[in-house]
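Student: What follows is a single structure, and I will ask about it in a moment.
The values are calculated or read from the model by the stated rules, or taken from the named source; none is laboratory data. Keep in mind it's a predicted model, so treat the numbers as computed, not measured. Reconstructed Cβ throughout: ideal geometry from the backbone, glycine too, with neighbour counts over all protein chains shown.
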Amino acid sequence: MSEKKFPSPLVSVQWLAEQVERSDIVVLDASWFLPGVERDPEQEWLEKRIPGARFFDFDKKIAAPDTELPHMLPSSMLFSQACSELGIQSSDNIVVYDSQGLFSAPRVWWMFRAMGHQSVAVLDGGLPAWEEAGLPIDTDTPEQVAKTEYNSDFQPEWVIDADTLSTQLDALDTVVIDARPAARFYGTQPEPRKGVRSGHMPNAKSLPFSQLVKDGHFISVEQLVKRFDAVSDPEQRLVFSCGSGVTACVLALAAELAGRNKLTVYDGSWTEWGRVMKYPVVQ
């Protein structure tokens, strides 16, 4: 398992600009768009990227096969194989960004943490902040990378499945925090996916991820602490959920920045919970 080598799991574009040419720094573009958004993240990466950035496709390629649920965490073996193909080494320091500022990159941060890779950080402000700072953009054809032998070390505490979570909804030491917009949490706005019920889990708390991000950057650590203190106690285990497991990871990263250290993501999130009738839903 890699050691933590970043001062924070969130780095600035100024920091990355000074470090990007180091041989032990690997930059990953983890851009992803909601269904219905007519944009192709891999094509956009091909057209422009932070110099040296590799595209990390957690939606179609680096995801569990043989499931109807979107972009589920793959097995340790599949994850290791994919990282090896991308030329990533277990000792590398990984910086993840996305093209929306701060949206899908935390998903890949969480994936690496769940696979035992400690030295991973997210670029605050993402590609927009990099461009706004006038830093170099690569528009040439990406160079091929040499295959490595990446070894992951799965950390089960970072992930929870629906059956396990359903037994813990009343536990005093655990709280589910939902990153969806409040209207979807309270069932006043229908779910975008067909066949998915409206509402939330019993005892869950609402903390829309948009309340933690402003103009593509996280709000201050002091503000993050207040947001989490309003919905949980410092010693509680926090289980994060959202629509399909992407913005739940924004909350997970924000919680780590706020000093919380018992962090778990419900990977199936509302796409699974809302459509499986045996799981309870309230409004």
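Student: Taking GLU256 as meeting all but one of (1) at positive phi; (2) surrounded by 15 or more Cβ atoms within 10 Å (Cβ to Cβ), write down the number of the exception.
Tutor: So GLU256 meets the others, but not (1).
Student: Mind checking whether some residue in the stretch 9-29 is under 26 Å from GLN155 (Cβ atoms) and among the small types (Gly, Ala, Ser)?
Tutor: Within the stretch 9-29, not a single residue is under 26 Å from GLN155 (Cβ atoms) and among the small types (Gly, Ala, Ser).
Student: Let me confirm something: among ALA133, ALA183, which residue is of a type in the set (Gly, Ala, Ser) and touching a Gly at 6+ places or on another chain (Cβ under 9 Å)? Outline the logic, then answer.
Tutor: Values: ALA183 fails: touching a Gly at 6+ places or on another chain (Cβ under 9 Å).
Only one candidate qualifies: ALA133.
Student: Is there a residue being surrounded by fewer than 23 Cβ atoms within 10 Å (Cβ to Cβ), touching a Lys or Arg at 6+ places or on another chain (Cβ under 7 Å) and not assigned by TED's automatic domain parsing to the domain that holds GLN100 anywhere in the stretch 210-224? Step through it out loud before you land on a result.
Tutor: Initial filter on the stretch 210-224 (surrounded by fewer than 23 Cβ atoms within 10 Å (Cβ to Cβ)): 210-211, 213-224.
When the remaining residues are screened for being touching a Lys or Arg at 6+ places or on another chain (Cβ under 7 Å), the result is 211.
With the extra rule that they be not assigned by TED's automatic domain parsing to the domain that holds GLN100, the set shrinks to 211.
For the stretch 210-224, residues surrounded by fewer than 23 Cβ atoms within 10 Å (Cβ to Cβ), touching a Lys or Arg at 6+ places or on another chain (Cβ under 7 Å) and not assigned by TED's automatic domain parsing to the domain that holds GLN100: present.
Student: Return the residue satisfying two criteria in turn: it lies in the stretch 80-124 and is in contact with a Leu (Cβ under 8 Å, 6 or more places away or on another chain) and in a helix (DSSP H, G or I), and of such residues it is farthest from VAL213 (Cα to Cα).
Tutor: ALA114
Student: Please work out which one of (1) among the hydroxyl-bearing types (Ser, Thr, Tyr); (2) surrounded by 16 or more Cβ atoms within 10 Å (Cβ to Cβ); (3) within 25 Å of ALA179 (Cα to Cα) is the condition SER90 fails and give its number.
Tutor: (3)
Student: Given the structure, is VAL175 assigned to a strand (DSSP E or B) and either of a type outside the set (Ser, Thr, Tyr) or touching a helix residue (DSSP H, G or I) at 6+ places or on another chain (Cβ under 7 Å) (or both)? Outline the logic, then answer.
Tutor: Values: assigned to a strand (DSSP E or B): yes; either of a type outside the set (Ser, Thr, Tyr) or touching a helix residue (DSSP H, G or I) at 6+ places or on another chain (Cβ under 7 Å) (or both): yes.
Yes; evaluated as a whole, the condition is true for this residue.
Student: If I filter the stretch 241-283 down to residues being small (Gly, Ala, Ser) and part of a helix (DSSP H, G or I), which single residue comes out as farthest from SER119 (Cα to Cα)?
Tutor: Going residue by residue through the stretch 241-283, those that are small (Gly, Ala, Ser) are 241, 243-245, 248, 252, 254-255, 258-259, 268-269, 274.
Pick out the ones that are also part of a helix (DSSP H, G or I) and you get 248, 252, 254-255, 269.
Details: ALA248: 20, ALA252: 16, ALA254: 17, ALA255: 17, SER269: 26 Å.
Of everything passing the filter in the stretch 241-283, SER269 is farthest from SER119 (Cα to Cα).
Student: Could you tell me which of the residues LEU46, LEU69, LEU16 is at pLDDT 95 or above and assigned to a loop (DSSP other than H, G, I, E, B)? Quick ask: steps written out before the conclusion?
Tutor: On the way: LEU46 fails: assigned to a loop (DSSP other than H, G, I, E, B); LEU16 fails: assigned to a loop (DSSP other than H, G, I, E, B).
After ruling out the rest, the residue left standing is LEU69.
Student: Which one is surrounded by the fewest Cβ atoms within 10 Å (Cβ to Cβ) among residues in the stretch 178-209 that are touching a helix residue (DSSP H, G or I) at 6+ places or on another chain (Cβ under 6 Å) and outside any loop (DSSP other than H, G, I, E, B)?
Tutor: It comes out as SER206.
Student: Please determine whether any residue of the stretch 230-240 is assigned to a helix (DSSP H, G or I) and either in the same structural domain as ALA63 (by TED's automatic domain parsing) or in contact with a Lys or Arg (Cβ under 7 Å, 6 or more places away or on another chain) (or both).
Tutor: The initial filter retains those residues of the stretch 230-240 that are assigned to a helix (DSSP H, G or I), namely none.
No, there is no match, as no residue in the stretch 230-240 is assigned to a helix (DSSP H, G or I) and either in the same structural domain as ALA63 (by TED's automatic domain parsing) or in contact with a Lys or Arg (Cβ under 7 Å, 6 or more places away or on another chain) (or both).
Student: If you don't mind, another one. Could you count how many residues in the stretch 30-89 are free of Cβ contacts under 8 Å to residues at least 60 places away in the same chain, within 18 Å of VAL250 (Cβ to Cβ) and in contact with a strand residue (DSSP E or B) (Cβ under 7 Å, 6 or more places away or on another chain)?
Tutor: Of the residues in the stretch 30-89, 1 are free of Cβ contacts under 8 Å to residues at least 60 places away in the same chain, within 18 Å of VAL250 (Cβ to Cβ) and in contact with a strand residue (DSSP E or B) (Cβ under 7 Å, 6 or more places away or on another chain).
Student: Residue pairs, Cβ under 7 Å, 6 or more apart or interchain, first in the stretch 261-283 and among the hydrophobic types (A, V, I, L, M, F, W, C) and at pLDDT 95 or above, second part of a helix (DSSP H, G or I) and surrounded by 22 or more Cβ atoms within 10 Å (Cβ to Cβ). List them.
Tutor: What qualifies is LEU263/ALA252; LEU263/ALA255; VAL265/TRP110; VAL265/ALA248; VAL265/CYS249; VAL265/ALA252.
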